[in-house]
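K.L.:
Take this structure first; my questions come after.
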Amino acid sequence: MNYKLGWLVDQHVLALTHFTSAITPEEFHAILAETQTYLQQITHPFQVIIDNRMISDRNVASLAMIMQAFPSLNHPQLSWIVMILPEPIKHTAAQRPIQQHGTIQLIYVENLVQAFDHVQHVEPNIDLNQRDQGFFDQP
C-alpha cells in the first residue's frame, strides 16, 4: 500500500502519510472511505496530521479544497488539520497563513517535529508519547 491512515494517538490524532510521490484514484477513494469509518464514532475533539513529504505535486491544497475532497472531515469535533508540506516546498510553510472553515483550522508545517509541536500546543492533554512510534515509517 502506498499510504497509511489511522490513529496516531488513539481517538485523538488521525494521521495520513504517503509512501510514494503520487496516489492512484483507487487509493484516494480508499482513503475517503477509511477516513469516514475512523470518524464515525468520534464524540470529542481531535486533530488530523496529513504528511505530504513524499508527494511530488507542488500545488498545495487549501482548506476549502480539503473539505470538498474529504466531506467526512467536516466533523463538529475536528479542530485542526496540520499539513506537512512536500519536501521541495516545505520552506514555504511559515509564509502560508492559517486557514479557517467554521471551527476547523489548517496550518502548514515543514516536518513531523513541527506537526507534533503544533498538536501538543493546541491540545496539551494529548500524550504524544503514547503515539504509534512507527506510524510514519515506510513498511
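The values are calculated or read from the model by the stated rules, or taken from the named source; none is laboratory data. Just so it is clear, the structure is predicted and the values come from calculations on it, not from any experiment. Reconstructed Cβ throughout: ideal geometry from the backbone, glycine too, with neighbour counts over all protein chains shown.
K.L.:
Against the condition in contact (Cβ under 8 Å) with a residue 24 or more places away in the chain and touching a Phe, Trp or Tyr at 6+ places or on another chain (Cβ under 9 Å), how does SER72 come out, does it pass?
P.N.:
When the stated conditions are applied, SER72 passes them.
K.L.:
Check off (1) at pLDDT below 90; (2) in contact with a Lys or Arg (Cβ under 6 Å, 6 or more places away or on another chain) for VAL9 and give me the number that stays unchecked.
P.N.:
Exception for VAL9: condition (1).
K.L.:
Based on this model, can you work out whether ILE126 counts as closer than 21 Å to HIS75 by Cα, assigned to a loop (DSSP other than H, G, I, E, B) and of a type outside the set (Phe, Trp, Tyr)?
P.N.:
Yes: the conditions hold for ILE126.
K.L.:
Taking region 40-55, which residues are exposed (fewer than 12 other Cβ atoms within 10 Å of the Cβ) and in contact with a helix residue (DSSP H, G or I) (Cβ under 9 Å, 6 or more places away or on another chain)?
P.N.:
Matches in region 40-55: GLN40 only.
K.L.:
For ASN59, all conditions in the list (1) under 28 Å from MET1 (Cα atoms); (2) surrounded by 14 or more Cβ atoms within 10 Å (Cβ to Cβ) hold save one; what is the number of the exception?
P.N.:
Here ASN59 meets the rest and fails (2).
K.L.:
Please enumerate the residues belonging to region 1-51 that are outside any loop (DSSP other than H, G, I, E, B) and among the β-branched types (Val, Ile, Thr).
P.N.:
VAL9, VAL13, THR17, ILE31, THR35, THR37, VAL48, ILE49, ILE50
K.L.:
Right, another one. Name, by its number, the condition in (1) assigned to a helix (DSSP H, G or I); (2) free of Cβ contacts under 8 Å to residues at least 24 places away in the same chain; (3) farther than 21 Å from GLU123 by Cβ that does not hold for ALA61.
P.N.:
With respect to (1) assigned to a helix (DSSP H, G or I); (2) free of Cβ contacts under 8 Å to residues at least 24 places away in the same chain; (3) farther than 21 Å from GLU123 by Cβ, ALA61 is out only on (1).
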